[in-house]
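Encoded as structure tokens, the structure appears first; notes follow it.
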Amino acid sequence: MEASSDGINYQVIADRSDNNVVGTTTDVLRAARGRYIRVQVLSCSQKDGYASLHDMQINGWLFDIQGYKVDYDNKLIFISDMNALTVKDFADHLSSEGNCALSIQAADDYIHSGDQVRITDAYGRKTIYTVTDREYAYRYFTDLALYKTVLFSSEEGFSQKTGTNTHAYNINDGHPETAWTAETKSNANYPEWIGVDLGREFGIFEIDMQFETKDDRVYQYEVYALPDQQINWYEDFLSKEMLIIDQSENKTFDDGHYHHEIMGNKGRYVIIRILGNSLYPDNNHAAASLYDLQVYGTSYDSYSR
Ligand SMILES: [Ca+2]
């Protein structure tokens, strides 16, 4: 059995010249690569028996150097199970991407899920990456919003009533007991909005929020994901094109904790627009208030291609 990438030059990928199995045979190949496959029938055990083939099936992977993604932050290399990478192709490609050396602890000539890849970058830094074929493992395990720049419509800053810090930066400070409260002056004002600049675009899969629940208030809100270049907040709120979660009719209390799973919407800015709550406008001090915002997703710009 021979394979060729151009239909002219063939190389032997399986030698069964001493085959003595009658009927169906299966050859499992580990390092064969080709576009054209041909079978040379050399002889037959039966005197005067002629060459005859009922069926031939070939299973394989698509060789595609674009078929992997590198998650530099979580030190993962994602390989689709529809694609295959040889160690050599991968090394050549990474070298062309600016990495000067790598060593791969692979079981054979292919890179498989579970392999460890040690990459030395152009600055001599050595990092070990883990190869995975499980797409969910490619997602970020850490909160993308934590300590990132907070954007907001207004903030009280300091509560005269309780003496507590109510600055906007409390929504992603890692402390569940600290909260942002919007400016109330004499009257709460809606809509208010608050969110984070993730620093660059991500595919957003999960958003977790903890609102204030004083007097069992229930908030109505919308969540937007805005792309890198977009900073015209109010226009986007009107356009609704970047609306990823619509809770404008929300009546569910859930202790103010809302967990949303979405489909990887692309965005750099995650903004919660708070439309009102169940106490407002009867209680004109029931301002927007949020304890915590967490965002989970995948990287977009760390893909190698
Ligand atoms: Ca907090």
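The values are calculated or read from the model by the stated rules, or taken from the named source; none is laboratory data. These figures come from a predicted structure and were not determined experimentally. Virtual Cβ from ideal backbone geometry, glycine too; neighbours counted across all protein chains shown.
Within region 151-172, is even one residue touching a residue at least 24 places away in the same chain (Cβ under 8 Å) and over 30 Å from Leu290 (Cα atoms)? No, every residue in region 151-172 fails to be touching a residue at least 24 places away in the same chain (Cβ under 8 Å) and over 30 Å from Leu290 (Cα atoms).
The set of residues from region 273-302 being small (Gly, Ala, Ser) and not in a strand (DSSP E or B) comprises Ser278, Ala286, Ala287, Ala288, Ser302. If you go through region 148-166 and keep only what is surrounded by 17 or more Cβ atoms within 10 Å (Cβ to Cβ) and aromatic (Phe, Trp, Tyr), you end up with just Phe152. Criterion first (at pLDDT 90 or above, part of a loop (DSSP other than H, G, I, E, B) and not charged (D, E, K, R)) does Asn187 satisfy it? When the stated conditions are applied, Asn187 does not pass them. Within the group Leu144, Leu198, which residue is touching a Phe, Trp or Tyr at 6+ places or on another chain (Cβ under 9 Å), in a loop (DSSP other than H, G, I, E, B) and among the aliphatic types (A, V, I, L, M)? Only one candidate qualifies: Leu144. The residues of region 1-17 that are of a type in the set (Val, Ile, Thr) and surrounded by 10 or more Cβ atoms within 10 Å (Cβ to Cβ), listed by number, are Val12, Ile13.
For region 244-259, filtering for residues that are part of a helix (DSSP H, G or I) and loosely packed, with under 11 Cβ neighbours inside 10 Å leaves 1.
Scanning region 177-209 for residues that are within 15 Å of Val295 (Cα to Cα), within 16 Å of the ligand (Cβ to nearest atom) and surrounded by fewer than 19 Cβ atoms within 10 Å (Cβ to Cβ) returns a single hit, Asp208.
Residue count for region 240-275, restricted to those that are on the phi > 0 side of the Ramachandran plot and of a type in the set (Phe, Trp, Tyr): 0. Looking at region 272-298 only, could you name the residues that are surrounded by fewer than 20 Cβ atoms within 10 Å (Cβ to Cβ) and of a type in the set (D, E, K, R)? Answer for region 272-298, where residues must be surrounded by fewer than 20 Cβ atoms within 10 Å (Cβ to Cβ) and of a type in the set (D, E, K, R): just Asp282. Taken over region 98-147, residues that are surrounded by 13 or more Cβ atoms within 10 Å (Cβ to Cβ), modelled with pLDDT of 75 or more and closer than 30 Å to Ile171 by Cα amount to 4.
From the residues in region 18-47 that are polar (S, T, N, Q) and farther than 25 Å from Asp108 by Cα, which one is surrounded by the most Cβ atoms within 10 Å (Cβ to Cβ)? Checking each candidate, the answer is Asn19. Scanning region 56-76 for residues that are among the β-branched types (Val, Ile, Thr) and modelled with pLDDT of 75 or more returns Ile58, Val70. Looking only at residues in region 150-183 that are under 27 Å from the mean Cα position of the chain (by Cα) and part of a helix (DSSP H, G or I), the one that is nearest to Phe211 (Cα to Cα) is Ile171. If the condition is being buried (at least 21 other Cβ atoms within 10 Å of the Cβ) and of a type outside the set (A, V, I, L, M), then region 167-176 contributes Asn170, Asn172. Within region 148-176, no residue satisfies the criterion of being within 10 Å of the ligand (Cβ to nearest atom), within 23 Å of Tyr280 (Cβ to Cβ) and at pLDDT below 95.
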